[in-house]
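To start, the structure itself, in structure tokens.
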Amino acid sequence: MSHVVTETVLIKSLPDLKSAAAALGLVFVEGQTSFRWYGRFVGDTTPDSDPATWGMCDHAIRLSSNRGYEIGVVKVEGGYRLRYDAWCGGYGLEDVAGVKLSRLKSEYSAQVATKQLRREGYSVARKIVNGKLRLVAVKG
Amino acid sequence: MRQTITVEISEDGSDVRIAVEGVKGRGCLAATLALERALGLSASGKGRKLTDEYLAVPAVNVESVKG
């Protein structure tokens, strides 16, 4: 079945997305122009984008096992958005990247913030508090 | 003076909260803005006050706490 969703978080830094993928054990494939999904729109959902473009991307992210569906990294104005087929959890994809790619998005934000804070001279520690990822940056 | 910035990211990655301590005035705003830019956030047009919570787009909330 086809349940391709486009995540709303705008990815502005590909290096940080690569770092986030690696941190979760996912593989970022630079320049891969298609991503694995069901393969055709069967009209069972209301599409959030033109189904004719589903499966197309500028880069892709896959499981290290190279099984299951893949995440398409699609260039848009100002950055990139993530797109994938969520049917059956993307056949293992959501087990690693999180439902609606939550873990990947959270890790991406952590990578971006950590790099920015270190650039400003802060030392950064990270911990999980009530399910939330917390970065504590200190200097002085 | 010791400066601390705490960034809390929700489990689903869609909610980011930034708290700044020990950084006064414009420095507090600058620190918050730098993180916002890095994270790809932008203010909603409601205006920005150091002690106000405001909605950022797309799909991310940012909370700036007083310095």
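So for the range A:74-97 (the condition being facing chain B (nearest Cβ under 9 Å) and free of Cβ contacts under 8 Å to residues at least 60 places away in the same chain), does at least one residue qualify? No: zero hits.
When the residues of the range A:69-90 are filtered to those that are in a loop (DSSP other than H, G, I, E, B) and at pLDDT 95 or above, which remaining residue is nearest to A:P15 (Cα to Cα)? Per the criteria, the residue is A:E70.
Here is a check on your reading of the model: is A:G78 loosely packed, with under 15 Cβ neighbours inside 10 Å and closer than 20 Å to A:Q111 by Cα? Yes; evaluated as a whole, the condition is true for this residue.
Of all residues in the range A:21-54, those satisfying the criterion of being within 14 Å of another protein chain (Cβ to nearest Cβ) and modelled with pLDDT of 95 or more are A:A21, A:A23, A:L24.
Of the residues that make up the range A:13-32, is at least one touching a residue at least 60 places away in the same chain (Cβ under 8 Å) and polar (S, T, N, Q)? Scanning the range A:13-32 turns up at least one residue that is touching a residue at least 60 places away in the same chain (Cβ under 8 Å) and polar (S, T, N, Q). Here A:G121 meets each of (1) at the interface with chain B (Cβ under 7 Å from one of its Cβ atoms); (2) out of contact with any Phe, Trp or Tyr (no Cβ under 7 Å at 6 or more places or on another chain); (3) outside any helix (DSSP H, G or I) with one exception, condition (1). Take the residues in the range A:99-118 that are surrounded by fewer than 19 Cβ atoms within 10 Å (Cβ to Cβ) and without any contact (Cβ under 8 Å) to a residue 40 or more places away in the chain, then tell me which one is farthest from the other protein chains (Cβ to nearest Cβ). Looking at residues that are surrounded by fewer than 19 Cβ atoms within 10 Å (Cβ to Cβ) and without any contact (Cβ under 8 Å) to a residue 40 or more places away in the chain, I get A:R118.
The values are calculated or read from the model by the stated rules, or taken from the named source; none is laboratory data. What you see is a predicted model, and the numbers here were worked out from it, not measured in a lab. Counting neighbours? That spans all protein chains shown, and the Cβs are built from the backbone with ideal geometry, glycine included.
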